[in-house]
Amino acid sequence: MVNLQGTFEEFAKEYQSGALKPVIEAKLELLFESFQKVLYEEDDTFLKNMQTKNLAGDDINKYRFWEWTQGVGLFGMWKMFERTGKQSYLKILTEYYERQMGIGLPAKNINTTAPMLTLAYVYEHTKKEEYGALCTEWAEWLMDGLPKTKEGGFQHLTSDTLNDQELWDDTLFMSVLFLAKCGVIFGKQEWVEEAKYQFLLHIKYLSDKETGLWFHGWTFHGNHNFARALWGRGNSWATAAIPELLGIIGCEPCVRRFLTEALHNQVESLKKFQDTSGMWHTLVDDPTSYVETSATCGFAYGILKAVHDGLIDKEYELCAIKALKPVLSYIGDDGIVSQVSYGTAMGRESKQFYKEIEIKSMPYGQAMAILFLLELIY
């Protein structure tokens, strides 16, 4: 039995000795079982909003289980299959995609592209032509159909908001990783180059030069970072996305160095702002904002992956280990992850907006916890 009430030093020793591996594996099984259920759980708040703000005028039934919330979780499930080789995980993924393709996919935007990342991996593994055709179609849309900002940025178009001339830090994980993966799979170097460019452009406009952390967004209408919020989960998308991109495409030394230095600068601040509990706050630099589990898992996952891939020094691994104890405590016996903030629009006027976001169990809570725990033991 692991003592979650003990000191961090005691807990770290248990982790380093390997005593926690069975505990982590058991939590992963709970997370996986829970995610299978919530994958088809309706988000009533989102669907109600879509009744009046559906930009595409599309059938909202197509969006019920095909949005970024599912997309992140599917990627976690793919990682489960990739790391364990259990065919049952692949079966769940293929059944999900077959079901959704039968219903019909929703209109294309940044967030509805998120489930396509895992589909690209599934296609690469199965070579099923129907999956490959869909991946090609959506990648071509990102290149030629998605509205672009000044300087050719991927405008953060969502199901309910145009977000004209806006760059968001969510975009890289939700759509650009997919484009990069498709570029590799289909031998489309122009897609790979576009993915690299989007990462560089987003760093240019979203990275805070004082801290190395990332602002939630940028608008070319007035050229500013909105409320200048260093939002937790948004930052964690960047922490996870940079190692993922480099793992997908490699990179010529200059681009790899640029991305790695941006990641290192961010991680340095994450180390500084990590709460004594091991968590991170929903506004990373504001200790009066609540601690938040999905961001904490995203940070810990990205840091661990970066350490394992040799992108940053091993000393930062300690930050991730510090996060393990509280994260385990927030995973219930039912596999539901608590202390997760609800889907977050842009805080356009005030940082207070982020501090008032509802805490609600969501599929990406389980997904990001899966990514973190998998990286710890495999």
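The values are calculated or read from the model by the stated rules, or taken from the named source; none is laboratory data. Quick caveat: nothing in here was measured; it's all calculated off a predicted structure. Here Cβ is always computed from backbone atoms with ideal geometry, including for glycine, and neighbour counts include all displayed protein chains. Side chains included, ligands, DNA and RNA excluded: accessible areas come from the protein's heavy atoms. Shrake-Rupley method; radii C 1.70, N 1.55, O 1.52, S 1.80 Å.
Residue check: is TYR316 among the aromatic types (Phe, Trp, Tyr), over 26 Å from LYS209 (Cβ atoms) and out of contact with any Lys or Arg (no Cβ under 6 Å at 6 or more places or on another chain)? Give the steps one after another, and end with the answer.
Details: among the aromatic types (Phe, Trp, Tyr): yes; over 26 Å from LYS209 (Cβ atoms): no; out of contact with any Lys or Arg (no Cβ under 6 Å at 6 or more places or on another chain): yes.
Against the criterion (among the aromatic types (Phe, Trp, Tyr), over 26 Å from LYS209 (Cβ atoms) and out of contact with any Lys or Arg (no Cβ under 6 Å at 6 or more places or on another chain)), TYR316 does not qualify.
Give region 60-96 a look and list any residue that's open to solvent by 30 Å² or more (accessible area, probe 1.4 Å) and under 21 Å from THR171 (Cβ atoms), or say none.
Answer for region 60-96, where residues must be open to solvent by 30 Å² or more (accessible area, probe 1.4 Å) and under 21 Å from THR171 (Cβ atoms): just TRP68.
Filter region 249-270 down to residues that are within 24 Å of ILE357 (Cα to Cα) and not hydrophobic (A, V, I, L, M, F, W, C) and give me whichever is farthest from the chain's Cα centre (by Cα). Break it down stepwise before answering.
First, the residues of region 249-270 that are within 24 Å of ILE357 (Cα to Cα): 266, 269-270.
Then keep just the ones that are not hydrophobic (A, V, I, L, M, F, W, C); that gives 266, 269.
Numbers: GLN266: 16, SER269: 19 Å.
Taking the candidates together, the pick is SER269.
Within region 165-251, which helices (runs of 4 or more DSSP H) (wholly inside it) include 1 or more residues that are closer than 18 Å to CYS297 by Cα and open to solvent by less than 10 Å² (accessible area, probe 1.4 Å)?
Counting at least 1 such residues, we get 232-249.
Would you mention how many residues in region 137-153 are surrounded by fewer than 20 Cβ atoms within 10 Å (Cβ to Cβ) and closer than 20 Å to VAL72 by Cα?
The number of residues fulfilling the criteria is 0.
Quickly run through region 29-46 and pick out the residues that are assigned to a helix (DSSP H, G or I) and either surrounded by fewer than 17 Cβ atoms within 10 Å (Cβ to Cβ) or within 18 Å of the chain's Cα centre (by Cα) (or both).
GLU29, LEU31, PHE32, GLU33, PHE35, GLN36, LYS37, VAL38, ASP44, THR45, listed by residue number.
Any residue that is under 23 Å from the mean Cα position of the chain (by Cα), among the acidic types (Asp, Glu) and open to solvent by 50 Å² or more (accessible area, probe 1.4 Å) - is there at least one of those in region 48-59?
Of all residues in region 48-59, those under 23 Å from the mean Cα position of the chain (by Cα) come to 49-50.
Narrowing the set further to residues that are among the acidic types (Asp, Glu) leaves none.
No, that holds for no residue.
Do you know which of the residues in region 306-331 that are surrounded by fewer than 23 Cβ atoms within 10 Å (Cβ to Cβ) and of a type in the set (Lys, Arg) is farthest from THR276 (Cα to Cα)?
Only one residue tops the list, namely LYS314.
Mind checking which residues of region 49-68 are polar (S, T, N, Q) and either closer than 18 Å to MET101 by Cβ or in contact with a helix residue (DSSP H, G or I) (Cβ under 9 Å, 6 or more places away or on another chain) (or both)? Give the steps one after another, and end with the answer.
First, the residues of region 49-68 that are polar (S, T, N, Q): 49, 51-52, 54, 61.
Result: GLN51, ASN54, ASN61.
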